[in-house]
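These notes are about the structure you will find just below.
Values quoted throughout were computed directly from the atomic coordinates according to the rules given, and no laboratory measurement underlies them. Note that the coordinates shown come from a computational prediction; the quantities given were computed from them, not determined experimentally. All Cβ positions, even for glycine, are placed from backbone atoms using ideal geometry, and neighbour counts span all protein chains on display.
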Amino acid sequence: MRFRYTAIPDACLLFTIIVSPAVVRAQDVTITHNGTAVQPCCAWGPVAVGWTYTPTTTFFLTGIDTRFGTPQTFSYGARTVTAEIRDGMNGAVLGSTSFTTSSDNAEWVGGVFSPVELNSGSSYFIDFLNVGLNADGGGLAPNALSQSGTEGFGSFAVAIHPSDPFVLLPDQPSDPIIRLTGNMSDVTTTPEPSSLALLGSGLIGLGGMIRRRKV
């Protein structure tokens with residue numbers, strides 16, 4: 001009587017783990033500053049306005065919204081506004097979004113962009129482009145109040161013409177009407193086992209699997 005040992009193909013002995021991506025959502029962040037306020041008069045003269053911003057906690061910024069006031073005596077047609085977050089005044093643009101608005105209803109307007117990490121204690125700059133005087137002779141009503149910035153928002157700055165850099169206006173305090181959205185950590189994708197299937201049967205050993213058959 002003889003015994004013959006036949007190697008069982010490896011493919012029959014493998015366990016297959018089907019991995020599906022699982023999106024882990026972080027805690028949402030919403031920072032609303034002067035959320036119920038509206039500046040009803042006047043219009044922006046500078047073509048762009050902005051504020052320095054120093055967050056008190058680290059988070060990932062994903063959106064910027066604002067509210068332009070409704071002018072009391074005039075109204076201008078819709079225009080495209082761009083909101084930006086910069087690495088300091090006149091620094092590199094870290095994130096931006098564009099939206100169409102007018103000064104007719106004082107509603108929240110804005111948009112979203114890819115997450116931008118803002119570090120606690122670091123200085124950034126948030127600006128709005130194409131808000132001021134243009135060919136029709138007027139600009140959007142201010143998305144700010146005539147007071148000093150608080151809650152992380154500091155110095156007020158303007159650009160008079162599209163190609164001009166921003167300059168600070170320390171003698172003209174202005175406090176933005178603004179809403180920042182984001183989350184406490186970036187949205188990540190992690191593997192999650194969703195199915196475990198046995199494709200073969202047998203024993204798993206360091207030297208491979210064998211089968212003994214009587215001949």
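What the table below lists for this structure:
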item: Approximate spin-label separation D164-T150, in nm, with each point projected 7 Å along Cα-to-Cβ; result: 3.0 nm
item: Difference of contour (0.36 nm per residue) and Cα-Cα distance, D87 to A37; result: 15.3 nm
item: Dipole of the range 26-186 [Lys/Arg +1, Asp/Glu -1 at C-beta], most positive-end residue of G182, G35, G121; result: G35
item: Geometric extent, Cα atoms of the range 26-186 - Rg, Dmax (angstrom); result: 14.7, 45
item: T54/M184 FRET efficiency (R0 22 Å; Cβ-Cβ; nearest 0.05); result: 0.80
item: Hz values of 3J(HN,Hα) by residue in the range 127-133 - Karplus curve (6.51, -1.76, 1.60), Gly and Pro given as x; result: 9, 10, 9, 6, 9, x, 4
